[in-house]
Amino acid sequence: MADAVKRVAFFAVLILLWGVIAARGVWDSTLFPGPLKVAQTLWEQFHSGALVSATAISLRRVLIGYGISLVVGVPLGILLARQRNLEVTVGTLVSGFQSLPSICWLPLALLWFGLNDRAILFVVVAGSLVSITVAVQDGVKNLPPTYVKAAQTMGTPPFRIYTDVLLPASLPSILTGAKLGWGYAWRALMSGELLFVSLGLGQMLMQGRELADMSQVIAVMIVIMALGLLTDRVIFGSLERHVRRKWGLATG
Amino acid sequence: MPKLVVKGLDKQFRHLDKRVSALSNISLEVQDGEFLILVGPSGCGKSTLLNIIAGLDKPDSGSVAMNGVPIKGPGPDRALVFQDGALFPWLDVQKNVEFGLRQNGYSRTQAAEKATHYLNLVGLIKVAESDLHTLSGGMRQRVAIARALALEPEVLLMDEPFSALDAITREDLYVELQDVWKKSGSTIVFVTHNVREAVTLGDRVILLAADPGRIQAEFPVNIRRPRHIDDVEVARTAQQISHAMKVGRSSKDNSTEQVVTFSG
């Protein structure tokens with residue numbers, strides 16, 4: 001409870017400070033709108049439906065791309081950790097891709113898929129797949145080797161070592177990877193939408209710039225941050241708490 | 001016919017580009033229902049030997065056969081209790097014990113029944129639905145034992161299962177394990193470096209020596225059960241074995257330079 005109070009107080013002070021600075025007119029109010037102006041824009045955009053539909057479009061894109069990354073990345077990470085031949089070949093490629101910012105894929109994606117949703121999905125997957133894969137791979141590599149040995153001595157068939165032992169055992173690292181991947185997917189989407197794709201929150205940002213409407217830019221930025229906080233705290237937070245409780249890990 | 005026949009096992013490891021003999025010409029037999037202990041200093045290859053019997057490791061030469069059938073790989077007929085328990089933290093106590101059963105085609109209800117029976121046997125039925133991290137170290141090892149026993153293995157293999165526990169918990173478990181062994185009629189091969197533990201538990205103690213890992217001596221233990229680690233007879237036999245171990249080690253020291261010379 002005390003934490004929530006501190007949090008609210010902190011943001012209240014921050015917004016107050018923002019309001020004071022904006023009111024003193026240090027910068028031009030079109031370039032540095034105050035919190036009231038931003039709140040007003042936020043309300044208008046919300047009311048007109050523009051913000052809601054942009055959010056829905058962006059969320060849809062990121063969820064599809066992220067979903068693909070999860071479905072491919074988790075099994076791939078487990079396989080890379082267990083299969084030496086895959087690790088030295090595909091694993092090296094994956095590490096290479098990891099150092100490549102996902103937006104670098106955009107020119108290729110545009111040529112391959114054209115100016116459409118598939119190009120943006122490609123960039124989102126490129127952004128999150130690798131980070132999920134690597135996190136899961138690391139997690140599986142750090143599992144106590146006795147888990148697999150114990151399962152083998154209990155007569156577990158090879159395939160079920162993956163499904164019944166490695167998959168559940170690496171749940172904590174899958175969660176870490178999923179969280180990381182979500183961040184990357186979201187970033188990749190925003191860069192992609194900013195640069196070219198129609199509709200979505202990224203485009204609303206650009207629109208604000210073109211209309212020289214900084215209150216719209218800030219309003220959209222606040223929405224993006226709020227969405228990020230929401231997924232991090234509510235979805236990942238509760239999953240993490242559940243796993244930590246089950247595993248008996250320190251609750252941070 | 002003996003339950004388990006180990007014949008002429010050899011195993012070498014690479015260490016700093018030198019080949020080190022982990023096991024050299026190991027032959028032994030385990031009788032049905034016997035409680036056999038493998039004891040020896042670290043580096044004598046006792047855990048390697050157990051892993052080979054479990055099928056987790058392969059010998060360079062020699063063979064292991066159970067009921068006359070050569071061992072090809074790991075299997076539930078030779079369930080192994082690990083030093084760290086190797087329990088699965090994503091499952092509760094009951095589900096941990098059911099795990100192996102479910103892998104071997106038992107239905108949900110059959111597995112549950114059997115798990116309940118063995119949790120009862122190790123006195124843990126009250127915590128069946130608990131998560132592992134709420135259990136003490138001793139309770140966890142009892143879960144590990146129940147998990148292995150539930151598979152009703154031909155031979156139960158135990159790799160220093162009590163070495164991470166405190167002395168008091170350990171002593172309780174010595175009594176309990178003897179009791180469980182008597183009730184279940186299992187054959188047990190138990191690895192330890194603790195000579196007193198060996199004498200407290202075993203029908204027979206095989207002493208291994210290191211460099212190369214080999215059988216140095218064998219001690220039948222005919223002390224009446226249930227034994228306690230502080231029994232005078234246990235102490236006396238343990239002393240004999242400890243003495244033999246020291247002799248083995250000093251003779252090893254003399255010969256080390258000729259057998260293995262580590263660089264540097």
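Details
- All other residues whose Cβ lies under 14 angstrom from that of A:PHE122 are scored, Lys and Arg at +1 and Asp and Glu at -1, for a net of 0.
- Computed log₁₀ I(q)/I(0) - Debye formula, equal Cα scatterers, no solvent, chain A, q 0.09, 0.13, 0.14, 0.17 Å⁻¹: -0.53, -0.94, -1.03, -1.25
- Short to long, the 5 Å bins of the Cα pair-distance histogram for segment B:107-264 hold 2, 8, 15, 17, 16, 13, 10, 7, 6, 3, 2, 1, 0 percent of all pairs.
- Residues A:VAL125, A:VAL62, ordered by accessible area of protein heavy atoms at a 1.4 angstrom probe radius and largest first, appear as A:VAL125, A:VAL62.
- Nearest 10 degrees, 0 to 90: helix A:214-230 Cα axis against chain A principal axis: 30
- Inter-label distance, A:LYS6 to B:GLU129: 3.6 nm, where each label sits 7 Å from its Cα along the C-beta direction.
- Environment charge at B:GLU171 (Cβ cut-off 12 Å; Lys +1, Arg +1, Asp -1, Glu -1): -3
- Estimated 222 nm signal from helices in chain A, with DSSP H stretches of n ≥ 4 weighted -39500 (n - 2.57), rounded to 500: -25000 deg cm²/dmol
- Accessible area per residue in Å² at 1.4 Å probe, computed on chain B: 45
- Coarse-grained scattering of the protein assembly as shown at q = 0.06, 0.07, 0.08, 0.11 Å⁻¹, given as base-10 log I(q)/I(0) from a Debye sum over alpha-carbon atoms: -0.45, -0.58, -0.69, -0.99
- Rounded tilt (10° steps) of A:84-98 against the dominant C-alpha axis of chain A: 10
- Accessible area in the full protein assembly, largest first, 1.4 Å probe, for B:GLU129, B:GLU218: B:GLU129, B:GLU218
- Its Cα centre serving as origin, the protein assembly as shown has a Cβ charge dipole (Lys and Arg +1, Asp and Glu -1) of approximately 280 debye.
- On the beta carbon distance between B:ARG14 and B:LYS183, with R0 = 25 Å, the FRET formula returns roughly 0.05.
- For A:ARG244 and A:MET206, the FRET efficiency from 1/(1 + (r/R0)^6), where r spans their Cβ atoms and R0 equals 51 Å, is about 0.80.
- Exposure check, 1.4 Å probe, all protein chains in place: A:ASP117 carries approximately 60 Å² of accessible surface.
- Full extension of the chain between A:MET225 and A:ARG82 gives 47.7 nm of extra length, using 0.36 nm per residue less the Cα-Cα distance.
- Each part reduced to its alpha carbon centroid, segment A:45-124 and segment B:1-62 end up 50 Å apart.
- The candidates A:PHE11, B:PHE99, A:PHE122, arranged from most to least accessible area with a 1.4 Å probe in the full protein assembly, appear as A:PHE11, A:PHE122, B:PHE99.
- Pairwise burial B:A, computed as accessible area of each alone minus the pair, summed, 1.4 Å, Å²: 1900
- Solvent-accessible area assigned to carbon and sulfur over the protein assembly as shown amounts to 60 percent, based on a 1.4 Å probe.
- At the listed q of 0.14 Å⁻¹, the Debye profile of segment A:98-241, built from one uniform point per Cα, gives log10 I(q)/I(0) equal to -0.79.
- Heavy-atom accessible surface of B:MET66, to the nearest 10 Å², is about 10 Å², with a 1.4 Å probe and all protein chains retained.
- Approximating the spin labels as points 7 Å out from Cα along Cα→Cβ, the B:HIS228-to-B:MET1 distance works out to 4.3 nm.
- Nearest-ten-degree value, helix A:171-195 long axis tilted from longest Cα axis of chain A: 40
- Once all protein chains are placed together, A:ARG118 keeps about 150 Å² accessible to a 1.4 angstrom probe.
- Rounded to the nearest 20, the size of the Cβ-charge dipole of segment A:1-120 about its Cα centre is 200 debye, with Lys and Arg at +1 and Asp and Glu at -1.
- Note on B:SER27 and B:SER42: the model spin-label points, each 7 Å out from Cα along the C-beta direction, lie 3.3 nm apart.
- √(5λ) per eigenvalue of the Cα gyration tensor, chain B, largest first, Å: 32, 22, 17
- A full extension of the chain between A:THR163 and A:VAL52 corresponds to an added length of 36.0 nm, given 0.36 nm per residue minus the alpha carbon distance.
- Neighbouring partner chain Cβ atoms per residue of B:88-95, average, 10 Å criterion: 4
- On a per residue basis, the convex hull of the C-alpha atoms belonging to segment B:125-184 measures out at 95 Å³.
The values are calculated or read from the model by the stated rules, or taken from the named source; none is laboratory data. These numbers were taken from a predicted model, which means no experiment stands behind them. In this analysis, Cβ positions are derived from the backbone assuming ideal geometry, glycine residues included, and neighbour counts consider all displayed protein chains. All accessible areas refer to the heavy atoms of the entire protein, side chains included, with ligands and DNA or RNA removed. Shrake-Rupley method; radii C 1.70, N 1.55, O 1.52, S 1.80 Å.
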